[in-house]
Structures are given as C-alpha cells and as structure tokens.
1. Take Gln351 and Asp123, extend 7 Å from each Cα along the Cα→Cβ direction, and tell me the distance between the two endpoints in nm.
2. Residues in the range 97-119 near a label at Lys32, defined as backbone nitrogen under 14 Å from the 7 Å Cα→Cβ point?
3. Using a Gaussian network for the chain with springs between C-alpha atoms less than 10 Å apart, which of these wobbles most: Val333, Val134, Val113?
4. Please work out the FRET efficiency for the pair Ala344 and Ala377, using the Cβ-Cβ distance as r and a Förster radius of 30 Å; give the result to the nearest 0.05.
5. Picking from Leu34, Leu257, Leu177, which is most flexible by a Gaussian network model of the chain using Cα springs under 10 Å?
6. Using only the Cα atoms, what convex hull volume per residue in Å³ does the chain have?
7. Of Trp350, Trp166, Trp301, how do they rank once you tally other Cβ atoms within 10 Å and put the fewest first?
8. Considering only C-alpha atoms, what is the centroid distance from the range 224-273 to the range 279-341, in Å?
Amino acid sequence: MTLQAFNVGPVTLRSMPFWCVGNPLGDPFGGKVLPGISSVEVAKMLAWAAGENLIEATSFHDDDLVPFDPAHPEDDLDQKSQTYKTLAEIKKILSAAGLQVNTATCSLHGMTVFRNGGLTNPDPKIRELARKKVERTLRIGAMFGAKHYTYWVARDGFEVPVAVDWKNTFTWLADGLDHVYDYIKAKKLTNYVGATIEPKPNEPRGQMYLPTSGHAVGFICGKLKHPDFWGVNPELLQHESMALLNAVHCVGYLCSLGKLKFLHFGSQIKAQFDNDFPPLVGPEGLKETVQMFWALSQVGWKGLVEFDCHMLRAEGDPDHAEESRKAFIRNCVNGLSMAIELAARLDGKWQQGLTGSETDLAATMKMCGLDPKTIAARTVKR
Ligand code: GLO
Ligand code: MG
C-alpha cells in the first residue's frame, strides 16, 4: 500500500525523517533530555503519524536504522545478520503504513573516524571507508525504494585554510559523488530518480566546502560527470539563513535552473547557529517562509517538503517522551499547513504601479487578512 499524496499548494508529500523523531535532544552544553529510542520504535511512531494523516513519507541515514561496523561493510547483504533482520522489520512497518522513502543519506558525520571529513578526508584509507559506507547506504536505500540519495556536506570542511589540500579536495569530493552515480547504475538500483547535495555554511565544521545552494549548483554543473542526475535540497530557512541569505531568492534561483529536488524545512534566527526550530516557531521568518511557498507556487514547482528540525530541547519531557515526540510531529505539520494557507492568500492581485514598500505592505495585509480600507481609515485618523 502507498498513501495518497498530500497535494496541497506546491507540496505533494510531507516527509518526517527518522533522525528528527529519534533525536534525544543533546546539545554542546548538556546531554540527552529524552531516552533513546530504537529504530524499530521510530518506525512505529512514523507509522502512527501516517495513520493520523500527518505524513506520507520518511527518510533516513544508514545509522538511523542500523549501526555500521567498518569490519563488516557488507553485512546488509547477509540475510542472517542482525542488520538484515532489523532492516526487514522496519521495512515491514513502513510498507504496512504506506510510507514512501524520500531519501537515503549516508552519515559521514557521526563516527569519530570521519572527524576530519568523509569523502574529502585527506587520508585515502578513510575516503575508501566512506565510499564503502555510501555503497551500503545506497543498497539499504534500494531495499526501501528510496527515491533519492542525499549528500549533506557534514564534516567535509575545515577550520584551518592553510591545512587544506586545495589542489585535490574538490576532486576527491567529485570522485565520491560520481561514484554514487556509477554504483547506482552498475548495481541497477532503479529506485533512485536522482541525488541531491545539501549545502550548509558551517557547523559541524568552521567552514564547509559547499556552503550555499549557489556553491552546490556550481559544483554539480561544473565538476560532476552526470549533472542531470543531481539537484539540491536546500534547508530553509536554516542553512541559507545562517549565511544571511534569503529563502525566497534561494528557491527562485534553484527552480529557474531546474535544480530544486525537495526541501528541508524548519525555522531559524538569521546568522545564528543551526537552530533547527520547527516550522514557523521562533521570533523570525514568518514572512520569509510564507513568501517562499508563494514563490514556489508562482514558478509552478511541486514537490516534497521534509521537516528537518528538532523539538525545542526545553520541551522534551523525559517522563512523557512518546507524547513529546508526537506533539513535535503535529507541530511541524501544523506549521507547514499554516505556511501553505498563508501563502495561498498571496494571490498576487495587488494593485499595479505600487512601489516596493507599498507592494510589501499590500501583500502583508493580504497575508494577515487585514482589510486595506480599515487600515487606511486608521492611518488618517487624528
Ligand atoms: C544538518 C543537516 C542534516 C542533513 C541530514 C541529511 O544540519 O540538516 O540533518 O539534512 O544529515 O543528510
Ligand atoms: Mg537538513
């Protein structure tokens, strides 16, 4: 069974990834707030969310489902292994719930061996290990019928520019990503319709090699062997806002190049660390978020929106962990519904010949449901 598509405004499907539901909410200043939860339990919670009509899809890192043992990089192929059994159990739960898998992504950030990078690690043995882990992730994704493979820039970055091998780094990265395409074709993994790069300016590294969507597109078109296979999944508002960029501009640009594959979605205070607030939560970004969905409608983009955000650490209740996690899912979905609804109010039918400021105020009145006549009367009242 596959769930019916959501199809509201520009959003075809709503996806909640394993890593957002499973997150125990640690941060650099304090440990976990919520008890850990197994991958099978996360799958059951996602199935619950599907049954409540909150989501139609999910995504995962390899490590979200099963741990990786560098000594057994092909354990997924052994039907007697615990890895295979766990994957099969999760697959059964997701299939029964009708959940699609949007993207399979290889975690090259969690294990200490990748602390100085995965695909761009200066040590060829570590790059080789990263490649093996990516292959295993691609096979796991194929087991679940994942539509995409995602490369998030993660620990491929630097703190010390003079310690970087600038002659080779981007070539190593291109080799790693070209291998994704070659492996998919060689193994005939026909589930993949494409692959994405997810840029981020910093965190966990001081600087990351593909900091913005513009860098990602440039790399795809200028450096990869199969640019048509690759697109971008920007994380908006978070990642571009960290670099003081604008989400409306970002989606407009990516759509004009046909490179917007899907969205990672959440909220962010500009220029801060990666807040990963749930959609529309926090003091900033309401207009920007709504205008982003308006722009997507204007250009005719339709696609999947994936929540990539986290429950506020302050809201994780260790005594009611399940309820906290369910409330988080509901809040994300509500935020998205509100953003789509508010964007639909921006019908573009504001008066012609207005200045930029007047256009903005007219659009804001529409978005907020204010009556321009009432506002005009208030403006001139003495
Ligand atoms: C972190 C990223 C991360 C990626 C995920 C998928 O800032 O948003 O969550 O989206 O690893 O590759
Ligand atoms: Mg993301």
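Only the coordinates and a few stated rules stand behind these numbers; no lab work does. From a predicted model like this one, the values you see are computed outputs, not experimental measurements. All Cβ positions, glycine included, derive from the backbone under ideal geometry; neighbour counts span all protein chains shown.
1. Distance between label points: 6.7 nm.
2. Within reach of a label on Lys32, which here means backbone N under 14 Å from a point 7 Å along Cα→Cβ, the range 97-119 contributes nothing.
3. Most flexible of the set in this elastic network: Val113.
4. For R0 = 30 Å, the calculated efficiency reads 0.65.
5. Per the Cα network of the chain with a 10 Å cutoff, Leu257 tops the list.
6. Considering the Cα atoms of the chain, their hull volume per residue is 168 Å³.
7. Trp166, Trp350, Trp301
8. Centre-to-centre distance over Cα atoms comes out at 16 Å.
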